[in-house]
Structure formats: C-alpha cells, structure tokens
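The values are calculated or read from the model by the stated rules, or taken from the named source; none is laboratory data. Computed from a predicted structure; not experimentally measured. All Cβ positions, glycine included, derive from the backbone under ideal geometry; neighbour counts span all protein chains shown. Note: accessible area is taken over every heavy atom of the protein model, side chains too, but ligands, DNA and RNA are not part of it. Shrake-Rupley method; radii C 1.70, N 1.55, O 1.52, S 1.80 Å.
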Amino acid sequence: MISPYALELAQTLVHMQTVSHNSNLELIHFVRDTLAKLGVASRLTFNADKTKANLFATIGEGKPAGIILSGHTDTVPWDGQDWSMDPLSATVRDGKLFGRGSADMKSFIAIALAHAEQFLKSPAPFAVHLALSFDEEVGCIGVKELIADMRDAGIKPLACIVGEPTNMVPAIAHKGVYRYKCCVRGKEAHSSLTPMSVNAIEMAARVVGKVRDMAEDFERNEPRFEGFDVPFSTSSVGQFHGGIADNVVPVDAEFRYEFRNLPNADALAMQAQVRAYAESLEPRMQKVAPQAGFRFETICEVPGFLGSREDSVTRLAQRLSGESGTTLVAFGTEAGLFKTAGIPTVVCGPGSIQQAHQPDEFVTLEQLGRCEAFMQGLAETKTIE
C-alpha cells in the first residue's frame, strides 16, 4: 500500500485546480518549494503571459546523466459531468483516491516528489530529473518549451519515463494526435441567386468528405499494427460551424478534424492530402469570388510514439514494475516528443485511462503502492542496462 506521506502529497495536488484553461502555478510553486527544502533547484519555463510554467529539476546534481520522470500538471475540466463528490475533494474511499487528476496524472507526480529525498541519497550513477509540463491536455504545448530549455542548458538525459496511467505496465507505443481547423470563405447571396454565390458550407462539406474518404481508406488498406484497439490510422471531424439563415448562402464556414495516426504512419502527409484537395477546389470558387478559398490552422501536432521492448529504459521499467510484458496505449502522451528529441522513452504509471477524464475519476491505492515500489526501486538501481 502507499505510504501516508505519498498519499498526502497526492491529495494535496488533486486539491489544486489546474484545469488547462487556468494557471498551474500553485502546483508548480508547491513542487519548487518542496524541492528547495531539500536543496534542489528548479528551472521554470513560462507561457507567453507567465500564467503557466513548466518545471525541470535535477535531483542528484553533478552526476553525469539522468533519468527523466515526466508528468503533466494540467487536467481536463468536469463541466457537465455527473460527479457524486467535489472533483477537487481528493476523497479516499473503498481503497481508491478520487478526484480530477487522481489517475491522469497527479498521483505519479506526487509519488515521484515523495521520493526526492531518496533519490538524493541514491547510490545510482545517474540523477533523477523531474519534468512537469503545462497544457498537455490541449496539445502537449508546454513540454516543447521544456525540452528546448533542457537542450539549451546542455542537459542530455539517459532516458525518460512518462507516468501516464498504464496500470504500471510499460507501454512502448501510441498513436499521434494531429488536429487542424479549416476555415472556408465563400460569397454570400440570397438563396434564390445561388449561381452568383460561393456556398462556404458546401465547399467545406466537400473537404469533410475527403477526410471521411481517407478514414475509409485507412480502414480498408493500411497495414495493421497489431496491439492497438484500432490497429489502423483514423481521421474524423469533430466540429462544424457555418450559416446564419436558411435563405442566405453562407459566406463562412469552419470545421475541425483530427488524425490519429499509427506511430509508423505520416500524419503530415495525411494533412498535405487534405490541403491539396482543398486547393483543387479553389479555382472554380475564385471564378465567382476572387477572395474565396480555404485557410488552415494547426491546433496541435503531437507525434506518435514508438519505443522498443529492447530499449534499456523499457527493461528498467519492467524490472521496477514487476511486469514481464509491455503494452500499447490508444491515448496520446508527451512520449513521442521526448523520443523525437533523441531520448529513449517508455510510458508507465499508476491507474487506468478508463478512469481518466470520467466523472468520479479515481486511482486505486494498490496502483499507487505499486508506483511507490517502482520509485523505491529506481532509487536503488545501479544501472539502467
């Protein structure tokens, strides 16, 4: 079972309101101050208006390299969800810790922080880097600044463990998440005069159809990547807006769509297909209205992750978790960004993604105890090989 101190820290972090559209500084400052009491300095990197920050701290400064323990500090909101308790109550009941972020993924952060003193005293030849990011839930935004700062500081970690909820089974792959907005400009007119107009909704619908056609092609023809619940890439439209009245040809429309690409598939090439198709429609639109056309905005581009059972960090995670196997996960994480930066990475943390983002989100105390044993083992590790 989890120790009282680690559980207390987990409850403290869950109590903090760090939904992505709010600041995370209360949590960041708490972690910074807790580490400072142990003599550990923290590097903070901020968003543009300095309402949010990443934290990077090296526990065991002076050792030649380190292993990153990575976690995001933001959570999704709970508006409209049917909770039986205050989402920030951090209630412990029936062998579970309840609250928003309990599974995804404040408990991992808390347990890592609870072991900071042990990491300082560790005989391991490597340091432990604690890397906490902002705005993961809206597109892995903050971690990009964190990785850039780490690179600028000349920090070259041996490996990274991303503590997303995997039931403490090391995960070696996940899909990418690439989201875009398409804005369509047409030419308005009375609906009795459609030949004199460019219907933005209809032009948008053609591109929506292209996204759907691609989804069907992935399902029919893409080579399968066994181990995923959906073993091929997917594309889908999530939002569509346009029009002001039944008898007005709409001048504007917009929609949002995403690709969930297999880790060995090229999402940027998929997006290039959509853009090329949209551009092929523009000449006919612009014969009626020269200003008509398509404009695309990137919402997020989170690369897929593909590690290996043979990576030393995977084998380390297996030893520390007591798991002989590995898994794949359907959800996106920051692992692909760390891997792209040249850092061997694995995803392994307490709890289940089935509880994340749900009403009455929870993580079991059994899972927290397993994560604590993982951290204790890491503090006693002599090598990651």
Can you tell me which residue within the range 199-245, out of those that are outside any helix (DSSP H, G or I) and of a type in the set (A, V, I, L, M), is surrounded by the fewest Cβ atoms within 10 Å (Cβ to Cβ)?
A245
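Results for (1) of a type in the set (D, E, K, R); (2) more than 30 Å from A36 (Cβ to Cβ); (3) crowded, with 22+ Cβ neighbours inside 10 Å, shown as yes or no for each residue.
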residue	(1), (2), (3)
A127	no, no, yes
E136	yes, no, yes
P165	no, no, yes
V177	no, yes, yes
R185	yes, yes, no
S192	no, yes, no
S197	no, yes, no
Mind telling me which of the residues Q358, Q291 ends up being out of contact with any strand residue (DSSP E or B) (no Cβ under 7 Å at 6 or more places or on another chain), open to solvent by 30 Å² or more (accessible area, probe 1.4 Å), at pLDDT 95 or above and not in a helix (DSSP H, G or I)?
Q358
Strands (runs of 3 or more DSSP E) completely within the range 1-115 that count 1 or more residues being polar (S, T, N, Q)
42-46, 53-59, 66-72
Residues that are farther than 12 Å from I67 by Cα and either open to solvent by less than 30 Å² (accessible area, probe 1.4 Å) or in a loop (DSSP other than H, G, I, E, B) (or both), drawn from the range 303-319:
P303, G304, F305, G307, S308, R309, E310, D311, T314
Would you confirm, using the coordinates I've provided, whether G142 is closer than 27 Å to K52 by Cα and more than 20 Å from the chain's Cα centre (by Cα)?
no
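Within the range 49-59, does at least one residue satisfy the condition of being open to solvent by 30 Å² or more (accessible area, probe 1.4 Å), of a type in the set (F, W, Y), on the phi < 0 side of the Ramachandran plot and touching a residue at least 24 places away in the same chain (Cβ under 8 Å)?
no
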Kindly indicate the residue of the range 1-16 that is open to solvent by 60 Å² or more (accessible area, probe 1.4 Å) and touching a helix residue (DSSP H, G or I) at 6+ places or on another chain (Cβ under 8 Å) and also farthest from N54 (Cα to Cα) among those meeting that condition.
M1
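Every residue, every condition in (1) surrounded by fewer than 19 Cβ atoms within 10 Å (Cβ to Cβ); (2) among the polar types (S, T, N, Q); (3) without any contact (Cβ under 8 Å) to a residue 40 or more places away in the chain, yes or no:
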{"position": "F338", "(1), (2), (3)": "no, no, no"}
{"position": "G342", "(1), (2), (3)": "yes, no, yes"}
{"position": "V346", "(1), (2), (3)": "no, no, no"}
{"position": "T364", "(1), (2), (3)": "no, yes, no"}
{"position": "C371", "(1), (2), (3)": "no, no, no"}
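Take E297 and tell me if it is open to solvent by 20 Å² or more (accessible area, probe 1.4 Å), of a type in the set (D, E) and not in a loop (DSSP other than H, G, I, E, B).
Values: open to solvent by 20 Å² or more (accessible area, probe 1.4 Å): yes; of a type in the set (D, E): yes; not in a loop (DSSP other than H, G, I, E, B): yes.
Here the answer is yes, as E297 does meet what is asked.
From the list L281, L262, which residue is more than 24 Å from R185 (Cα to Cα), among the aliphatic types (A, V, I, L, M), surrounded by 15 or more Cβ atoms within 10 Å (Cβ to Cβ) and modelled with pLDDT of 95 or more? Reasoning before the result, please.
Values: L281 fails: more than 24 Å from R185 (Cα to Cα).
Being more than 24 Å from R185 (Cα to Cα), among the aliphatic types (A, V, I, L, M), surrounded by 15 or more Cβ atoms within 10 Å (Cβ to Cβ) and modelled with pLDDT of 95 or more holds for just one of L281, L262, which is L262.
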Residue among T333, T383 that is farther than 21 Å from M85 by Cα, at pLDDT below 95 and part of a loop (DSSP other than H, G, I, E, B)
T383
Which numbered condition trips up I155, out of (1) part of a loop (DSSP other than H, G, I, E, B); (2) farther than 28 Å from G369 by Cβ; (3) open to solvent by less than 10 Å² (accessible area, probe 1.4 Å)?
(3)
Has the range 103-113 got at least one residue that is in contact (Cβ under 8 Å) with a residue 40 or more places away in the chain and surrounded by fewer than 24 Cβ atoms within 10 Å (Cβ to Cβ)?
no
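Within the range 162-173, identify whether any single residue is under 20 Å from the mean Cα position of the chain (by Cα) and of a type in the set (S, T, N, Q), and answer yes or no.
Yes, the range 162-173 contains at least one residue that is under 20 Å from the mean Cα position of the chain (by Cα) and of a type in the set (S, T, N, Q).
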Only residues that are of a type in the set (F, W, Y) and within 30 Å of M196 (Cα to Cα): list them for the range 229-252, please.
F240
So how many residues does the range 246-266 have that are in a strand (DSSP E or B), farther than 28 Å from K339 by Cα and not aliphatic (A, V, I, L, M)?
3
Cross-chain or 6+ apart pairs with Cβ under 8 Å, the range 279-305 first and of a type in the set (D, E), then part of a loop (DSSP other than H, G, I, E, B)
E282/A292; E301/G139; E301/G176
